[in-house]
Amino acid sequence: MNLNLNEDDVLKLLNDININENEFSSDDLNEFEKKKICKDIINKVKPRKSKSKRNFIAAAIILLITIPILISQRNVLANMIEKLTVISGIGEVKVSSDKPKILKSSIKQGNITLANMYIDNNKIIVTLTIEPEELKRSYYTITDNYGNSYELHRSNNLAMMPDNHIGSYRAEYNGNVKKANSYTLSIIANDKKFTKATFKIKSSDFKEAAESKVLYTATNGITTLNVTSLKRDGNILKVDYYFTDTLPDFKSKIIDKVNRGTFEESKKLGLNEPINTKLINNNSIQDSNIIISDEYNNAVYGHNNINYLDQGNESLFDLSKLTGKKLKLTVSNVVYHTDSINFNSINNDLNNFNDETSDFNLELDIPKSGKSILNKIVNYKGFKFKIISINRLSNDSIELIYNYINDSNSRLQTSNILFESVTDGDGQSNISQSNGNIKVFYQIKNGIGDKLKLNHLQYTFSSIGPFEIDLNPSLIK
């Protein structure tokens, strides 16, 4: 059979079957194991499909698992069948289950509100608000009716400007989740001396999480803005969206929020609306914002909900400030903050650090005295920077001067870079005022030897827009 399939074709075909990720978790498969997988997949194709369609699907999967470069990657098929979706009150989620569940409505207990809870066979996510916000991080544990227990790791405070003193939090468990009929979420104080709240959730409290459908896309060839929902409540338009890209894998990757706080915070900051598109500064690659404009160049910024939940995938717009009917959604740039270390994977404990923890390792010769001019060009995942010089200041301190190299024709533009030696010493970044170079001072813990090992890299860059979408009024519900 002659197959001309791209990745999207294969993903569509995969929708017709239900594959458990544990079936393809081996790093190396022999020919017997490959044939067994092919047979199992053919048996999984839904009976309602015609024989020719079933064979075509099976052939597509056989083609995939016989490609050496793919089969060598752990859980490759399991990862491919994950679907990205946006869930209100939670945000962006990779769905790895046929019927993931979310809460029908929020649940409040005292000063804590469980805004939403998501469960599939590989993860649990909860989002909640606490008034007043937590000064010290609590512990979050979920136990089901069979006694299985899951410890959730909380992300940073979701609130960017918590002037209302509401703490908004997201906590996750990633791993095997067993089916159950009920769950108990316990929020335990930082000192573990008392339980702040206990939420008991029954099966009847859940509903099936609807899959988000992409209504619009806008791309620069690297990053894509995907709009999944447009909902209007009076003059307020709520837009749900997420970003995808073709960038290399980073240990850690965060995208800047594009909203301008809540409506109330904008008033306090003196951000008057309506604004004119001609007055918006889109020249800075370090800034990212989202606006809706009309044919008369009136424009309004996107804003957060007052509880700050889902602020990375939801924007609220006040359409009463616009006079036209032709609406355009625009995101100026998408700003990425990447890290060569995923600190969650080592539980934020550098004692767990080893040579494989970071995907960046650079060793530099340190002069016995004075400054050494290096002008060394380094390439990290396609981004280039220059190590200009290294200067021995004392027996335990050195100074490193470097800068980044931007291709003016590239859609990716670097705006900041910071090196550290997490095993040898600590550095602080100071941008030189004279020529724009970045200067870092290092205090070495055990004294300076002949080598400086840089094993931590934080990189900030922008995917240059604008990303523009003409909104169809008929799709606004």
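The values are calculated or read from the model by the stated rules, or taken from the named source; none is laboratory data. In this text the structure is predicted, and so the values were computed from the model without any measurement. Every residue, glycine among them, receives a Cβ derived from its backbone with ideal geometry; neighbour counts consider all protein chains shown.
Restricting region 188-198 to residues that are in contact (Cβ under 8 Å) with a residue 40 or more places away in the chain and among the β-branched types (Val, Ile, Thr), which is surrounded by the fewest Cβ atoms within 10 Å (Cβ to Cβ)?
The qualifying residue surrounded by the fewest Cβ atoms within 10 Å (Cβ to Cβ) is Thr198.
Has region 86-105 got at least one residue that is modelled with pLDDT of 90 or more, under 18 Å from the mean Cα position of the chain (by Cα) and more than 15 Å from Ala180 (Cβ to Cβ)?
No, the conditions are met nowhere in region 86-105.
Please give the strands (runs of 3 or more DSSP E) falling wholly within region 132-228 in which 1 or more residues are among the aliphatic types (A, V, I, L, M).
On the way: elements: 139-144, 149-154, 167-174, 182-188, 195-202, 206-208, 216-219.
Correct list: 139-144, 149-154, 167-174, 182-188, 195-202, 216-219.
Based on what the data block shows, is Gly261 small (Gly, Ala, Ser) and either touching a helix residue (DSSP H, G or I) at 6+ places or on another chain (Cβ under 8 Å) or in contact (Cβ under 8 Å) with a residue 40 or more places away in the chain (or both)? Steps first, answer last, please.
On the way: small (Gly, Ala, Ser): yes; either touching a helix residue (DSSP H, G or I) at 6+ places or on another chain (Cβ under 8 Å) or in contact (Cβ under 8 Å) with a residue 40 or more places away in the chain (or both): yes.
Judged against the criteria, Gly261 is a match.
Condition check: basic (Lys, Arg), within 26 Å of Lys325 (Cα to Cα) and touching a helix residue (DSSP H, G or I) at 6+ places or on another chain (Cβ under 6 Å). Does Arg232 satisfy that? Steps first, answer last, please.
Details: basic (Lys, Arg): yes; within 26 Å of Lys325 (Cα to Cα): yes; touching a helix residue (DSSP H, G or I) at 6+ places or on another chain (Cβ under 6 Å): no.
No.
Has region 139-162 got at least one residue that is closer than 30 Å to Glu264 by Cα, over 24 Å from the mean Cα position of the chain (by Cα) and not aromatic (Phe, Trp, Tyr)? Don't jump to the end; show me each part of the working.
First pass over region 139-162, keeping only residues closer than 30 Å to Glu264 by Cα: 154-162.
Narrowing further to those that are over 24 Å from the mean Cα position of the chain (by Cα): none.
Scanning region 139-162, I find no residue that is closer than 30 Å to Glu264 by Cα, over 24 Å from the mean Cα position of the chain (by Cα) and not aromatic (Phe, Trp, Tyr), so the answer is no.
Can you tell me which residue is farthest from Ser332 (Cα to Cα) among those in region 431-477 that are of a type in the set (Val, Ile, Thr) and not in a strand (DSSP E or B)? Walk me through how you get there before you give the answer.
The initial filter retains those residues of region 431-477 that are of a type in the set (Val, Ile, Thr), namely 431, 438, 440, 444, 448, 460, 464, 469, 476.
Those left that are additionally not in a strand (DSSP E or B): 448, 476.
Working: Ile448: 45, Ile476: 22 Å.
Looking at the filtered set, the residue picked out is Ile448.
Would you be able to say whether some residue in region 386-399 is modelled with pLDDT of 90 or more, charged (D, E, K, R), assigned by TED's automatic domain parsing to the domain that holds Gln443 and over 34 Å from the mean Cα position of the chain (by Cα)?
yes
Any idea how many residues of region 193-210 are touching a Pro at 6+ places or on another chain (Cβ under 9 Å) and among the acidic types (Asp, Glu)?
Keep residues of region 193-210 that are touching a Pro at 6+ places or on another chain (Cβ under 9 Å), which gives 208-209.
If we keep only those that are among the acidic types (Asp, Glu) as well, we get 208.
Count: 1.
What residue, among those in region 309-353 that are in a strand (DSSP E or B) and within 15 Å of the chain's Cα centre (by Cα), is nearest to Thr223 (Cα to Cα)?
Our first condition is that a residue be in a strand (DSSP E or B); within region 309-353, this holds for 314-318, 327-339, 341.
If we keep only those that are within 15 Å of the chain's Cα centre (by Cα) as well, we get 314, 334-339, 341.
Numbers: Glu314: 18, Val334: 8, Val335: 10, Tyr336: 11, His337: 14, Thr338: 15, Asp339: 18, Ile341: 22 Å.
Filtering region 309-353 for residues that are in a strand (DSSP E or B) and within 15 Å of the chain's Cα centre (by Cα), the one nearest to Thr223 (Cα to Cα) comes out as Val334.
Does Lys257 satisfy the criteria of being in a strand (DSSP E or B) and surrounded by 13 or more Cβ atoms within 10 Å (Cβ to Cβ)?
Answer is no for this residue.
In this structure, is Ile280 over 30 Å from Ile341 (Cα atoms), in contact (Cβ under 8 Å) with a residue 24 or more places away in the chain, assigned by TED's automatic domain parsing to the domain that holds Leu471 and more than 28 Å from the chain's Cα centre (by Cα)?
Considered against the rule, which asks whether it is over 30 Å from Ile341 (Cα atoms), in contact (Cβ under 8 Å) with a residue 24 or more places away in the chain, assigned by TED's automatic domain parsing to the domain that holds Leu471 and more than 28 Å from the chain's Cα centre (by Cα), Ile280 comes out as no.
Can Leu64 be described as part of a helix (DSSP H, G or I), at pLDDT below 90, surrounded by 15 or more Cβ atoms within 10 Å (Cβ to Cβ) and of a type in the set (A, V, I, L, M)?
Numbers: part of a helix (DSSP H, G or I): yes; at pLDDT below 90: yes; surrounded by 15 or more Cβ atoms within 10 Å (Cβ to Cβ): yes; of a type in the set (A, V, I, L, M): yes.
Against the criterion (part of a helix (DSSP H, G or I), at pLDDT below 90, surrounded by 15 or more Cβ atoms within 10 Å (Cβ to Cβ) and of a type in the set (A, V, I, L, M)), Leu64 qualifies.
Out of Asn305, Asn313, Asn344, Asn289, report the one residue that is outside the structural domain of Asn116 (by TED's automatic domain parsing) and over 16 Å from Val258 (Cα atoms).
Details: Asn305 fails: over 16 Å from Val258 (Cα atoms); Asn313 fails: over 16 Å from Val258 (Cα atoms); Asn289 fails: over 16 Å from Val258 (Cα atoms).
Matching residue, one of Asn305, Asn313, Asn344, Asn289: Asn344.
Can you list residue pairs whose Cβ atoms sit under 6 Å apart, with the first residue in region 171-187 being more than 12 Å from Asp144 (Cβ to Cβ) and the second being basic (Lys, Arg)? Count only pairs 6 or more apart in sequence or on different chains.
Final answer for the pair search is Ala171/Arg154; Asn174/Lys123; Ile187/Lys196.
Can you go through Ile291, Ile306, Ile285 and tell me which one is assigned to a loop (DSSP other than H, G, I, E, B) and touching a helix residue (DSSP H, G or I) at 6+ places or on another chain (Cβ under 8 Å)?
On the way: Ile291 fails: assigned to a loop (DSSP other than H, G, I, E, B); Ile285 fails: touching a helix residue (DSSP H, G or I) at 6+ places or on another chain (Cβ under 8 Å).
After applying the criteria, what remains is Ile306.
Quick check, is Glu356 of a type in the set (D, E, K, R), at negative phi and not in a loop (DSSP other than H, G, I, E, B)? Quick ask: steps written out before the conclusion?
On the way: of a type in the set (D, E, K, R): yes; at negative phi: yes; not in a loop (DSSP other than H, G, I, E, B): no.
No, not satisfied.
Could we say that Thr223 is buried (at least 18 other Cβ atoms within 10 Å of the Cβ), among the β-branched types (Val, Ile, Thr) and either outside the structural domain of Asn145 (by TED's automatic domain parsing) or at pLDDT below 95 (or both) here? Spell out the reasoning first.
Values: buried (at least 18 other Cβ atoms within 10 Å of the Cβ): yes; among the β-branched types (Val, Ile, Thr): yes; either outside the structural domain of Asn145 (by TED's automatic domain parsing) or at pLDDT below 95 (or both): yes.
Criteria met by Thr223.
What do you reckon, is Phe250 aromatic (Phe, Trp, Tyr), exposed (fewer than 12 other Cβ atoms within 10 Å of the Cβ), over 20 Å from Val95 (Cα atoms) and not assigned by TED's automatic domain parsing to the domain that holds Phe383? Show your work before the answer.
Values: aromatic (Phe, Trp, Tyr): yes; exposed (fewer than 12 other Cβ atoms within 10 Å of the Cβ): no; over 20 Å from Val95 (Cα atoms): yes; not assigned by TED's automatic domain parsing to the domain that holds Phe383: yes.
It is false that Phe250 is aromatic (Phe, Trp, Tyr), exposed (fewer than 12 other Cβ atoms within 10 Å of the Cβ), over 20 Å from Val95 (Cα atoms) and not assigned by TED's automatic domain parsing to the domain that holds Phe383.
For (1) among the hydroxyl-bearing types (Ser, Thr, Tyr); (2) out of contact with any Pro (no Cβ under 8 Å at 6 or more places or on another chain); (3) crowded, with 18+ Cβ neighbours inside 10 Å; (4) in contact (Cβ under 8 Å) with a residue 40 or more places away in the chain, each residue gets a yes or a no:
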| position | (1), (2), (3), (4) |
| --- | --- |
| Ile373 | no, yes, no, no |
| Lys376 | no, yes, no, no |
| Lys386 | no, yes, no, no |
| Asp396 | no, yes, no, yes |
| Leu400 | no, yes, yes, yes |
| Leu412 | no, yes, yes, yes |
| Glu420 | no, yes, yes, no |
| Thr423 | yes, yes, no, yes |
